[in-house]
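Structure, as structure tokens:
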Amino acid sequence: MKKFHNIFITVILTTFILVLSIFAWVKPTDEFSLTERRPLAKLPELSFNTLVSGSFMKNFENYTLDQFPLREFFRTVKAQTETRIFNKKANNDIIEKNGYITKIEYPLNEESIDNAAKKINNVYEKHLKDTDANVYFSIIPDKNYYLIGNDKNYLSLDYNKLVTDITEKTSCMKYVDIFSELSTDSYYKTDSHWRQEKILPVAKKIAGEMGVQLNSQYKELSPDKSVYGVYYGQYAIKSVMPDSLTVLSNEHTQNAKVIDYQNQQEIPVYNLSEAEGRDFYEAFLGGPLSLVTIENENATTDRELVIFRDSFGSSLAPLFIEGYKKITLVDIRYIHPNMLSQFIEFNNQDVLFIYSTSVLNNSETLK
């Protein structure tokens with residue numbers, strides 16, 4: 001009986017491995033992982049040079065890991081095992097706490113903070129120093145600041161040091177502190193970004209510092225579809241409910257003219273159909289574009305605003321449309337600052353540098 005049991009188990013395992021292996025070779029190559037929001041590895045080229053250098057085997061290993069059959073199922077099994085059985089706090093450096101999913105940002109990278117300050121100061125020295133521009137700087141805290149706080153069970157950035165270090169290095173700009181205008185529910189449960197409907201206090205505080213009053217009322221618009229943030233797929237455990245997307249609309253956002261210079265086309269302030277794409281945050285001003293202008297002939301002032309920003313700025317900028325005749329958004333992750341004089345004549349604008357702590361702590365993408 002024991003011999004028959006061993007034979008049965010061996011046959012089952014051998015069959016499973018054989019079927020899985022055949023499936024792995026005949027299934028079409030997946031180009032992109034929607035849950036992880038990244039391209040998947042492709043079958044590497046087999047040649048004498050790639051074999052001798054060892055690059056073939058290295059890339060082939062990455063290929064087999066990315067193209068493994070039932071990969072999403074096994075990712076979930078692994079995550080469930082590590083967090084539910086072995087009680088690990090994080091899976092892929094991502095944690096779940098109080099109904100939110102977030103990625104641990106640790107430790108504070110002082111070299112990155114210094115690099116970010118140098119990049120920002122380079123823009124100031126090259127384009128703003130000898131102008132009448134009014135220059136401001138603000139930092140967007142990631143949601144860990146509110147979600148984790150002083151919880152010693154989780155690693156967390158030293159936010160006070162981050163703010164102190166970079167504001168000291170950008171002392172040529174007026175710092176606008178927005179930490180007190182936000183809370184945990186200002187952010188999506190499954191994504192890193194803040195929710196536009198929760199950041200009106202942030203927009204009003206920054207505008208107030210620049211001498212502009214924002215008084216418009218907004219109508220909330222939401223597509224009839226749940227959205228899934230970047231952490232939802234990376235965490236691989238579907239224990240948190242998906243988010244909903246809400247945008248704030250009024251006559252100013254509806255009538256503004258928006259030009260995407262990266263793709264040479266006019267775009268809407270909001271495109272709710274993007275909620276069904278790879279990144280729902282592209283619903284706001286087309287997402288992470290290098291250079292965008294917004295013109296509002298019905299603005300309450302004739303003033304101009306230039307925003308140096310990361311992706312968080314896509315949802316913040318529309319809230320300034322009421323108070324500025326022209327707004328220019330610049331993302332120096334995708335356009336070199338040396339090119340800006342071809343598109344912007346810097347003189348007496350309001351200029352806002354606003355970056356999230358995650359970008360400042362990983363500033364290698366800034367040019």
Worksheet item: Pulled fully out, how much extra length does the chain show between TYR261 and LYS238, if you take 0.36 nm times their separation in residues and subtract their Cα-Cα distance?
Response: 4.5 nm
Practice prompt. With a point put 7 Å past each Cα toward its Cβ, work out how far ASP151 is from GLU276 in nm, to one decimal.
Written response: 3.6 nm
Item to complete: Pull up the DSSP beta bridges for the stretch 108-248 and report the antiparallel fraction as a percent, rounded to 5.
Response: 60 percent
Item to complete: Whole Å is fine, so just give me how far the alpha carbon centre of the stretch 172-205 lies from that of the stretch 296-310.
Response: 19 Å
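None of the figures in this text is laboratory data; all of them are computed from the coordinates on show. Just so it is clear, the structure is predicted and the values come from calculations on it, not from any experiment. Using ideal geometry, Cβ is built from the backbone for each residue, glycine included, and neighbour counts are taken over all protein chains shown.
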